[in-house]
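What follows is one structure encoded as C-alpha coordinates, with my remarks underneath.
The values are calculated or read from the model by the stated rules, or taken from the named source; none is laboratory data. Computed from a prediction, not measured in an experiment: that's the story for all the values here. Don't worry about glycine lacking a Cβ; one is built from the backbone with ideal geometry, like all the others, and counts go over all protein chains shown. Accessible surface is based on the protein model in full, side chains and every heavy atom, while ligands, DNA and RNA are left aside. Shrake-Rupley method; radii C 1.70, N 1.55, O 1.52, S 1.80 Å.
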Amino acid sequence: MSGQKTVTPSASSLAASAKAAKGRGLPPLEKWNPPFCGDLDMQIKRDGTWFYEGTPIGRHELVKLFSTILWREGDKYFLVTPVEKVGITVEDAPFVAVDFDVVGSGQDQQLRFVTNLDDKALASPDHPIRVVRDPDTGEPSPYVLIRRNLEALIDRKSFYRLVDLGTHHEGWFGVWSGGQFFRIIPSVELPEGE
(Lines give C-alpha, C1' and ligand atoms only; values in the text may rest on other atoms or scores of the structure.)
Protein backbone atom coordinates (compact mmCIF):
# COMPACT_ATOMS: atom_id res chain seq x y z
CA MET A 1 0.00 0.00 0.00
CA SER A 2 1.55 3.29 -1.11
CA GLY A 3 -0.47 5.44 1.26
CA GLN A 4 -1.71 7.46 -1.71
CA LYS A 5 -5.39 8.37 -1.54
CA THR A 6 -7.54 6.73 -4.23
CA VAL A 7 -9.20 9.35 -6.40
CA THR A 8 -12.80 8.76 -7.43
CA PRO A 9 -13.47 10.98 -10.42
CA SER A 10 -16.65 13.01 -10.67
CA ALA A 11 -17.74 16.04 -12.63
CA SER A 12 -17.56 18.20 -9.50
CA SER A 13 -14.02 17.04 -8.58
CA LEU A 14 -12.86 17.70 -12.13
CA ALA A 15 -14.47 21.14 -12.15
CA ALA A 16 -12.82 22.01 -8.83
CA SER A 17 -9.40 20.85 -10.07
CA ALA A 18 -9.83 22.70 -13.36
CA LYS A 19 -10.78 25.93 -11.55
CA ALA A 20 -7.79 25.58 -9.22
CA ALA A 21 -5.40 25.02 -12.14
CA LYS A 22 -6.85 27.74 -14.36
CA GLY A 23 -4.65 30.74 -14.78
CA ARG A 24 -4.40 32.92 -17.82
CA GLY A 25 -5.07 31.02 -21.00
CA LEU A 26 -5.29 27.26 -21.27
CA PRO A 27 -3.84 24.97 -18.57
CA PRO A 28 -0.53 23.26 -19.51
CA LEU A 29 -2.07 19.80 -20.01
CA GLU A 30 0.98 18.58 -21.93
CA LYS A 31 3.05 19.00 -18.73
CA TRP A 32 0.68 17.01 -16.54
CA ASN A 33 0.90 13.24 -16.23
CA PRO A 34 -1.72 12.19 -13.68
CA PRO A 35 -2.80 8.57 -13.27
CA PHE A 36 -5.71 7.29 -15.36
CA CYS A 37 -8.71 7.05 -13.03
CA GLY A 38 -11.16 5.30 -15.34
CA ASP A 39 -13.97 6.48 -17.55
CA LEU A 40 -16.52 9.09 -16.59
CA ASP A 41 -20.10 8.96 -17.85
CA MET A 42 -19.61 12.15 -19.86
CA GLN A 43 -20.29 12.48 -23.56
CA ILE A 44 -20.01 15.20 -26.20
CA LYS A 45 -22.62 14.74 -28.92
CA ARG A 46 -22.09 15.61 -32.58
CA ASP A 47 -24.05 18.86 -32.13
CA GLY A 48 -21.62 19.98 -29.39
CA THR A 49 -23.91 19.29 -26.43
CA TRP A 50 -22.12 17.92 -23.36
CA PHE A 51 -23.89 15.28 -21.25
CA TYR A 52 -23.08 14.03 -17.76
CA GLU A 53 -24.74 10.79 -16.61
CA GLY A 54 -27.21 11.08 -19.49
CA THR A 55 -28.28 14.65 -18.72
CA PRO A 56 -27.24 17.70 -20.77
CA ILE A 57 -24.92 20.06 -18.90
CA GLY A 58 -26.90 23.29 -19.03
CA ARG A 59 -24.29 25.68 -17.63
CA HIS A 60 -22.31 27.09 -20.55
CA GLU A 61 -19.50 28.32 -18.28
CA LEU A 62 -19.09 24.83 -16.76
CA VAL A 63 -18.85 23.25 -20.22
CA LYS A 64 -16.28 25.90 -21.22
CA LEU A 65 -14.30 25.05 -18.07
CA PHE A 66 -14.35 21.33 -18.89
CA SER A 67 -13.28 22.10 -22.47
CA THR A 68 -10.07 23.73 -21.16
CA ILE A 69 -8.94 20.40 -19.69
CA LEU A 70 -9.92 18.29 -22.72
CA TRP A 71 -7.09 16.18 -24.11
CA ARG A 72 -6.92 13.79 -27.05
CA GLU A 73 -4.66 10.77 -27.47
CA GLY A 74 -5.23 9.01 -30.78
CA ASP A 75 -8.98 8.46 -31.01
CA LYS A 76 -9.55 8.70 -27.24
CA TYR A 77 -10.55 11.78 -25.28
CA PHE A 78 -9.80 12.60 -21.66
CA LEU A 79 -10.36 15.31 -19.10
CA VAL A 80 -7.01 15.95 -17.43
CA THR A 81 -6.13 17.80 -14.24
CA PRO A 82 -2.87 17.75 -12.29
CA VAL A 83 -4.23 14.86 -10.16
CA GLU A 84 -6.59 12.85 -12.38
CA LYS A 85 -7.22 11.74 -15.94
CA VAL A 86 -10.60 10.35 -16.94
CA GLY A 87 -11.90 9.07 -20.24
CA ILE A 88 -14.97 10.58 -21.86
CA THR A 89 -16.86 9.81 -25.07
CA VAL A 90 -16.85 12.18 -28.04
CA GLU A 91 -19.36 11.28 -30.74
CA ASP A 92 -17.60 13.18 -33.53
CA ALA A 93 -15.52 16.29 -32.75
CA PRO A 94 -15.42 17.99 -29.35
CA PHE A 95 -16.31 21.44 -30.75
CA VAL A 96 -18.65 22.84 -33.38
CA ALA A 97 -17.55 25.78 -35.54
CA VAL A 98 -20.74 27.83 -35.54
CA ASP A 99 -19.57 30.84 -37.54
CA PHE A 100 -16.60 32.52 -39.21
CA ASP A 101 -15.52 35.96 -40.37
CA VAL A 102 -13.87 36.65 -43.70
CA VAL A 103 -11.09 39.22 -44.06
CA GLY A 104 -9.60 39.89 -47.49
CA SER A 105 -10.11 37.86 -50.63
CA GLY A 106 -8.38 35.44 -52.98
CA GLN A 107 -5.08 34.03 -51.75
CA ASP A 108 -4.93 36.75 -49.07
CA GLN A 109 -8.27 35.68 -47.59
CA GLN A 110 -8.42 34.85 -43.89
CA LEU A 111 -11.20 32.80 -42.31
CA ARG A 112 -11.56 33.25 -38.55
CA PHE A 113 -13.73 30.55 -36.99
CA VAL A 114 -15.57 30.70 -33.66
CA THR A 115 -16.86 27.62 -31.86
CA ASN A 116 -19.89 26.87 -29.74
CA LEU A 117 -17.61 27.39 -26.70
CA ASP A 118 -16.18 30.72 -27.91
CA ASP A 119 -12.80 29.35 -29.04
CA LYS A 120 -11.38 31.20 -32.03
CA ALA A 121 -9.02 29.98 -34.74
CA LEU A 122 -7.71 31.43 -37.99
CA ALA A 123 -7.72 28.69 -40.63
CA SER A 124 -4.06 28.39 -41.62
CA PRO A 125 -1.30 25.78 -41.75
CA ASP A 126 -1.47 25.72 -37.92
CA HIS A 127 -5.27 25.39 -37.95
CA PRO A 128 -6.08 23.42 -41.11
CA ILE A 129 -9.49 22.73 -42.57
CA ARG A 130 -10.12 19.16 -43.68
CA VAL A 131 -13.13 17.53 -45.28
CA VAL A 132 -13.97 13.85 -44.80
CA ARG A 133 -16.50 12.35 -47.18
CA ASP A 134 -18.74 9.46 -46.26
CA PRO A 135 -17.64 6.56 -48.49
CA ASP A 136 -21.24 5.45 -49.10
CA THR A 137 -23.12 8.73 -49.52
CA GLY A 138 -20.34 11.19 -50.40
CA GLU A 139 -21.71 13.49 -47.67
CA PRO A 140 -18.96 15.87 -46.50
CA SER A 141 -17.98 16.38 -42.87
CA PRO A 142 -15.77 19.49 -42.66
CA TYR A 143 -13.48 20.18 -39.69
CA VAL A 144 -11.09 22.90 -38.56
CA LEU A 145 -8.33 22.36 -36.00
CA ILE A 146 -9.03 24.60 -33.00
CA ARG A 147 -6.27 23.88 -30.49
CA ARG A 148 -3.77 21.21 -29.63
CA ASN A 149 -5.18 18.29 -31.61
CA LEU A 150 -8.85 19.13 -31.00
CA GLU A 151 -11.08 19.84 -33.97
CA ALA A 152 -14.42 21.49 -34.51
CA LEU A 153 -17.03 20.13 -36.88
CA ILE A 154 -17.96 23.04 -39.16
CA ASP A 155 -21.74 23.43 -38.96
CA ARG A 156 -23.87 23.18 -42.09
CA LYS A 157 -24.62 26.90 -42.53
CA SER A 158 -20.93 27.77 -42.18
CA PHE A 159 -19.95 25.04 -44.62
CA TYR A 160 -22.41 26.40 -47.20
CA ARG A 161 -20.79 29.83 -46.73
CA LEU A 162 -17.36 28.24 -47.27
CA VAL A 163 -18.57 26.65 -50.50
CA ASP A 164 -19.83 30.07 -51.66
CA LEU A 165 -16.28 31.40 -51.12
CA GLY A 166 -14.72 28.43 -52.90
CA THR A 167 -12.50 28.53 -55.95
CA HIS A 168 -10.60 26.07 -58.14
CA HIS A 169 -6.88 25.51 -57.65
CA GLU A 170 -4.69 22.75 -59.09
CA GLY A 171 -7.62 20.43 -59.84
CA TRP A 172 -9.42 21.00 -56.56
CA PHE A 173 -12.32 23.11 -55.37
CA GLY A 174 -11.63 24.65 -51.97
CA VAL A 175 -10.94 27.81 -50.00
CA TRP A 176 -7.95 30.01 -49.24
CA SER A 177 -7.12 31.09 -45.71
CA GLY A 178 -3.94 32.09 -43.93
CA GLY A 179 -1.92 31.70 -47.13
CA GLN A 180 -2.96 28.09 -47.69
CA PHE A 181 -5.46 26.43 -50.02
CA PHE A 182 -7.73 23.93 -48.28
CA ARG A 183 -9.22 21.25 -50.51
CA ILE A 184 -12.92 20.45 -50.31
CA ILE A 185 -13.59 18.25 -53.36
CA PRO A 186 -11.81 17.40 -56.62
CA SER A 187 -13.01 19.85 -59.27
CA VAL A 188 -14.06 17.02 -61.62
CA GLU A 189 -16.46 15.66 -58.97
CA LEU A 190 -18.44 18.89 -58.74
CA PRO A 191 -21.88 18.82 -60.32
CA GLU A 192 -22.18 20.79 -63.57
CA GLY A 193 -22.72 24.51 -63.05
CA GLU A 194 -20.71 24.70 -59.79
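Some notes on this structure:
- Rg to Rh, two decimals, where segment 86-194 supplies the alpha carbon set and Rh follows Kirkwood: 0.97
- Structure-derived Cα Rg over 2.2 N^0.38 Å: which label, when the choices are [x] 1.09; [y] 1.17; [z] 1.01: [y]
- Dipole moment magnitude, nearest 20 debye, the chain about Cα centre, only Lys, Arg, Asp, Glu C-beta charged: 1020 debye
- Remark: the chain carries 56 Å² of accessible area per residue (probe radius 1.4 Å; ligands, DNA and RNA excluded).
- Kirkwood-Stokes translational diffusion coefficient of segment 140-180, alpha-carbon pairs, 4 °C, 1.567 mPa s, µm²/s: 113 µm²/s
- Ranking Asn33, Phe159, Phe173 by Cα position along the charge dipole of the chain, where only Lys, Arg, Asp and Glu carry charges on their C-beta atoms, puts Asn33 farthest toward the positive end.
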